[in-house]
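Structure record follows, encoded as structure tokens.
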Amino acid sequence: MGKIKVTPCTVSGETIEGLYVIEPTVFRDERGYFMETYNQNDFKEAGLDMTFVQDNQSQSVKGVLRGLHYQKQYPQGKLVRAVRGSVFDVAVDLRTQSKTYGKWYGVELSEDNKKQFYIPEGFAHGFLVLSDVAEFAYKCTDFYHPGDEGGLYFRDPDIGVEWPVPEGTELILSEKDQKWGGLSETFRF
């Protein structure tokens, strides 16, 4: 049916290996729209040959910041998108052998732009809700393993993520997301 547009993510002129923004073909008419959010053949043709084993979805209100999370022994690649509303999605490279170790990339994902973001294994991941409500869906390459989760402090100055917090919005974080350590003390892949 439709093909996808795959764009490698770059920071300061350096491509972050394995990190991609994906734009599906959207078919619109007077009834609305249709798109394939995942087609194994199209992804494989674009060089994205991964197997997904679990789908997750969450709903959050404006100002919720979830992250930055990863799994240590069972790392997950994630294909993420906003089904409803808008989020600022961030990935931080934690692969010690990578030339972009410690670098971050962020992209707005929304129900309007229909963009998806692929974050491979070896990255911390999180998002900030920009709209009043957001529904966030993601496919994972490994199952969630309780007790294997790690995290990275969302405001670590060594990383310097520029979160676009809407004016007048208070951030809402879980207790654990407020206490994660910085890059110098976090798990490394």
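Using per-residue counts of other Cβ atoms within 10 Å, averaged over each peptide, order 116-128, 47-59, 135-147 from highest down.
Values: 116-128: 24.4, 47-59: 12.6, 135-147: 15.5.
Top to bottom by mean Cβ count within 10 Å: 116-128, 135-147, 47-59.
Here residue 98 sits with roughly 30 square angstrom of accessible surface, probe radius 1.4 Å. Accessible area ranking (1.4 Å probe, heavy atoms, ligands and nucleic acids excluded), largest first, for 95, 66: 66, 95. Near residue 19, once Lys and Arg are set to +1 and Asp and Glu to -1 for all other residues with Cβ below 14 Å from its Cβ, the sum equals 0. Rounded to the nearest 20 debye, the dipole magnitude of the chain is 220 debye, with +1 charges on Lys and Arg beta carbons, -1 on Asp and Glu beta carbons, and the Cα centre as origin.
If contacts are Cα pairs under 8 angstrom and at least 6 residues apart, what is the relative contact order of the chain in percent?
Relative contact order comes out at 27 percent.
Based on DSSP H segments of at least four residues, each scored -39500 (n - 2.57), the chain has a per-residue ellipticity at 222 nm of -500 deg cm²/dmol. Surface composition of the chain: carbon and sulfur make up 44 percent of the accessible area, probe 1.4 Å. Each residue of the range 177-183 is assigned a 3J(HN,Hα), and the resulting list reads 5, 7, 10, 4, x, x, 4 Hz, derived from the Karplus form 6.51 cos²θ - 1.76 cosθ + 1.60 (θ = phi - 60°), x at Gly and Pro.
In order along the range 139-156, phi translates into HN-Hα couplings of 9, 10, 8, 9, 6, 6, 10, x, x, 9, 6, x, x, 10, 4, 5, 10, 4 Hz, rounded to whole numbers, per the Karplus curve 6.51 cos²θ - 1.76 cosθ + 1.60 with θ = phi - 60° and x for Gly and Pro. Heavy-atom accessible surface of the chain, averaged per residue, reaches 52 Å², computed with a 1.4 Å probe.
Averaging Cα coordinates gives a centre for the range 35-79 and one for the range 154-189; these two points are 20 Å apart.
Under a 5 Å amide H cut-off, with hydrogens placed 1.01 Å from N, residue 54 pairs with 140 among residues at least 5 apart or on other chains. Computed over protein heavy atoms with a 1.4 angstrom probe, the accessible surface ordering of 4, 22, largest first, is 4, 22.
The values are calculated or read from the model by the stated rules, or taken from the named source; none is laboratory data. Not measured: the values here are computed from a predicted model. With ideal geometry, Cβ positions are generated from the backbone for all residues, glycine too; neighbour counts draw on all protein chains shown. Accessible surface areas use protein heavy atoms only, side chains included; no ligands, DNA or RNA. Shrake-Rupley method; radii C 1.70, N 1.55, O 1.52, S 1.80 Å.
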